[in-house]
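Asker: Handing you this structure, nothing more for now.
The values are calculated or read from the model by the stated rules, or taken from the named source; none is laboratory data. These numbers come from a predicted model, not from an experiment. Because the Cβ atoms are built from the backbone with ideal geometry, glycine has one as well, and the counts that use them run over all protein chains shown.
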Amino acid sequence: MSASASSGPVVLITGAAGALGKAATAYFAAAGARLALLDVIAIEGPHYARTCDLTDAAACAAAVAGVVSQFGRVDVLVNIAGGFAMGEAVHETSAGTWDFLMGLNAHSVLNMARATVPVMIAQKHGKIVNIGAGAGQHGAARMGAYSASKSVVIRLTESMAAELKGHGINVNCVMPSIIDTPRNRADMPDADFSSWVHPDALARVIGFLASADAAPIHGAAIPVSGLV
């Protein structure tokens, strides 16, 4: 991944304003990548950035078109944008909760695939790394909607990998447990933070999946659980 700022790979990161998004941005910037950052929140700084509602397919298409206009390509897509909510039993799950989680966690991946994959097919190469969750592997009480939405991410990853590997495109995902973020610390103040996954560590795993060393890996869902 090492390259000069003018010739490095173009890495597109969604959810770039969050804790993991910032860690991934720092990782790829240090590796010499050219960054394109998307978030619903405006991002200040030296990298190319656009505001984008990832649940809006047209907004995603316009954002990716802007990235291609700026850089001429998209070498890596990292789908970090997502959301979390729990507390409702399945039979109590509101339409608002279901739509919120499916929109941020699943439709965001689908919308970015629609916009980005044709670019990568034309290039005949690309890397896509999605953010799943350990909770996507199985259901748990009062987490049905969240688990379902993250399970969709894993299934989309597997399907895309099967569809795209013949085009020179790798599609994989990581499944973190609890990420050590300020929000999670505030929500769980009595937890053992040392057992959680630090964003910088997760960014390094994402970086590996985006690297040439991961060329033989297609459709993997890699647990990144720390000590949880």
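Asker: I need a count of the residues in segment 209-228 that are part of a helix (DSSP H, G or I) and more than 14 Å from the chain's Cα centre (by Cα).
Answerer: Of segment 209-228, the ones part of a helix (DSSP H, G or I) are 209, 212-214.
Then drop every residue that is not more than 14 Å from the chain's Cα centre (by Cα), which leaves 212-214.
The qualifying residues number 3.
Asker: Do you know which residues across segment 81-126 are among the aliphatic types (A, V, I, L, M) and more than 26 Å from Asp213 (Cβ to Cβ)? First the steps, then the outcome.
Answerer: If we filter segment 81-126 for residues that are among the aliphatic types (A, V, I, L, M), which is where we start, we get 81, 85-86, 89-90, 95, 101-102, 104, 106, 109-110, 112-113, 115, 117, 119-122.
If the condition is that a residue be among the aliphatic types (A, V, I, L, M) and more than 26 Å from Asp213 (Cβ to Cβ), then Ala85, Met86, Ala89, Val90, Ala95, Leu101, Met102, Leu104, Ala106, Leu110, Ala115 are the ones that fit.
Asker: Do we have any residue at all in segment 116-132 that's at pLDDT 95 or above, surrounded by fewer than 17 Cβ atoms within 10 Å (Cβ to Cβ), under 20 Å from Cys52 (Cβ atoms) and under 17 Å from the mean Cα position of the chain (by Cα)? Even if it seems obvious, please write down each step before you answer.
Answerer: We begin by selecting, within segment 116-132, every residue at pLDDT 95 or above; these are 116-132.
Those left that are additionally surrounded by fewer than 17 Cβ atoms within 10 Å (Cβ to Cβ): 118, 121-125.
After this cut, where a residue has to be under 20 Å from Cys52 (Cβ atoms) as well, the list is 118.
If we keep only those that are under 17 Å from the mean Cα position of the chain (by Cα) as well, we get none.
Looking for residues that are at pLDDT 95 or above, surrounded by fewer than 17 Cβ atoms within 10 Å (Cβ to Cβ), under 20 Å from Cys52 (Cβ atoms) and under 17 Å from the mean Cα position of the chain (by Cα), one finds none in segment 116-132, hence no.
Asker: Let me confirm something: among Gly72, Gly103, which residue is of a type in the set (Gly, Ala, Ser) and within 14 Å of Ala148 (Cβ to Cβ)?
Answerer: Numbers: Gly72 fails: within 14 Å of Ala148 (Cβ to Cβ).
Going through Gly72, Gly103 in turn, the sole match is Gly103.
Asker: Surrounded by 16 or more Cβ atoms within 10 Å (Cβ to Cβ), of a type in the set (Gly, Ala, Ser) and under 23 Å from Phe193 (Cα atoms), is that true of Ala113? First the steps, then the outcome.
Answerer: Details: surrounded by 16 or more Cβ atoms within 10 Å (Cβ to Cβ): yes; of a type in the set (Gly, Ala, Ser): yes; under 23 Å from Phe193 (Cα atoms): no.
Here the answer is no, as Ala113 does not meet what is asked.
Asker: Follow-up question, since we're still on this one. Filter segment 181-191 down to the residues that are touching a helix residue (DSSP H, G or I) at 6+ places or on another chain (Cβ under 8 Å) and either of a type in the set (S, T, N, Q) or touching a residue at least 60 places away in the same chain (Cβ under 8 Å) (or both) and list them by number.
Answerer: Within segment 181-191, Thr181, Pro182, Arg183 meet the criteria.
Asker: Do the conditions hold for Ala42, that is, is it touching a Ser or Thr at 6+ places or on another chain (Cβ under 9 Å), outside any strand (DSSP E or B) and surrounded by fewer than 21 Cβ atoms within 10 Å (Cβ to Cβ)?
Answerer: Working: touching a Ser or Thr at 6+ places or on another chain (Cβ under 9 Å): yes; outside any strand (DSSP E or B): yes; surrounded by fewer than 21 Cβ atoms within 10 Å (Cβ to Cβ): yes.
It is true that Ala42 is touching a Ser or Thr at 6+ places or on another chain (Cβ under 9 Å), outside any strand (DSSP E or B) and surrounded by fewer than 21 Cβ atoms within 10 Å (Cβ to Cβ).
Asker: So, Ala135, is that one at pLDDT 95 or above and in contact with a Phe, Trp or Tyr (Cβ under 8 Å, 6 or more places away or on another chain) or not? Write out each step before concluding.
Answerer: Numbers: at pLDDT 95 or above: yes; in contact with a Phe, Trp or Tyr (Cβ under 8 Å, 6 or more places away or on another chain): yes.
Taking the combined requirement at face value, the residue satisfies it.
Asker: Restricting attention to segment 85-102, report how many residues are crowded, with 19+ Cβ neighbours inside 10 Å and touching a Leu at 6+ places or on another chain (Cβ under 9 Å).
Answerer: Residues that pass the stated criteria total 0.
Asker: Here is a further query. With the requirement that a residue be aliphatic (A, V, I, L, M), in contact (Cβ under 8 Å) with a residue 40 or more places away in the chain and either under 19 Å from Ala203 (Cβ atoms) or not in a helix (DSSP H, G or I) (or both), what does segment 45-78 give you?
Answerer: Answer for segment 45-78, where residues must be aliphatic (A, V, I, L, M), in contact (Cβ under 8 Å) with a residue 40 or more places away in the chain and either under 19 Å from Ala203 (Cβ atoms) or not in a helix (DSSP H, G or I) (or both): Leu54, Val74, Val76, Leu77, Val78.
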